[in-house]
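Participant: Below is the structure I would like to discuss, written out as structure tokens.
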Amino acid sequence: MSATCAPLRVLAVDDEQPALEELLYLLGKDPRVGTAVPAPAATEALRRLSRAMEDGPDGPDGFDVVFLDIDMPGLDGLELARLLGGLAAPPLIVFVTAHEDFAVRAFDLKAVDYLLKPLREERFAEAVRRVADLVRAGRGPRPAALPPPAPALGDQVPVELGGVTRFVPVADIAYVEAQGDYARLHTGHGSHLVRIPLSTLEDQWRSRGFVRIHRSRLVALGRIEELRLDGGNLTVRIGDRILAVSRRNARELRDLLASRAAGRAR
């Protein structure tokens, strides 16, 4: 790496602690790497990257590259890479995974490299070299941006899955979780990521019986199977999921459930 090129700023993302530690170890051995920050989940990585963008890509918390696992619970690595395409100056991406099957999709997202676990040091060093060369040249592929979001209006929500647009009925959605400027819709058959802020869905779906129970979560009142108070902490059960209710949202939720129950009793 040229003496005129600053050391790389790396974000390492993996939900498995041993794999994350190995990634940090290899990054720490490479003289081209200046800082390597761990993130144990894609959502945590998204928070760190969003915070870094507030100061600009050259700010103290900015990153040149993300070394990213693919198979993670909730928001996976491929979805995170797509989200990064919406940033003004997204970092480069190197995927690190135990699965060969995602290689085509990864390179469609303009990944710099695709490393297979278990990692080999010489192969890892080659990936770092590629990143360093691209950063030094001030160019390189960036994650592909998602298409403009479709508004969540009407009885169905359009979602993208493998290049195919599908329509999820609002009536099938049990609850929604915020993930940055995106939202994950949970149904009885799985979940779907849409580029719609939770606040927008809250406004649009209030009349459909959705209520905010937490700053990062909306639930469909009709899907709540149990309301429980334990040690001062309020939770709701939807299927096999137990969801926390924040103190600021607890009274509204109780009032709405009481009103709903009274309406049924009439």
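The values are calculated or read from the model by the stated rules, or taken from the named source; none is laboratory data. Treat the numbers as computed from the prediction; the structure is a model and nothing was measured. Note that we place each Cβ from the backbone using ideal geometry, even for glycine, and neighbour counts take in every protein chain shown. Ligands, DNA and RNA are stripped out before the accessible areas are found, and what is left, the full protein with its side chains, is counted by its heavy atoms. Shrake-Rupley method; radii C 1.70, N 1.55, O 1.52, S 1.80 Å.
Participant: Taking all protein chains in place and a 1.4 Å probe, what share, in percent, of the accessible surface of the stretch 194-266 do carbon and sulfur account for?
Facilitator: That share works out to 43 percent.
Participant: So which GluC sites (Glu not before Pro) in the stretch 219-252 end up in coil per DSSP with only 12 or fewer other C-beta atoms within 10 Å?
Facilitator: In loop regions of the stretch 219-252 (DSSP not H, G, I, E or B), the sparsely surrounded GluC sites (Glu not before Pro) are 225.
Participant: How much net charge surrounds residue 227 when only other residues with a Cβ under 10 Å from its Cβ are counted (Lys, Arg +1; Asp, Glu -1)?
Facilitator: Summing Lys/Arg as +1 and Asp/Glu as -1 gives +1.
Participant: Among the GluC sites (Glu not before Pro) within the stretch 3-32, which fall in a DSSP loop and have no more than 15 other Cβ atoms within 10 Å of their own Cβ?
Facilitator: 16
Participant: Right, next: List the trypsin sites (Lys or Arg not before Pro) within the stretch 161-255 that fall in a DSSP loop (any state other than H, G, I, E or B) and whose Cβ has at most 12 other Cβ atoms within 10 Å.
Facilitator: Those that pass, being in a loop and sparsely packed, are 215.
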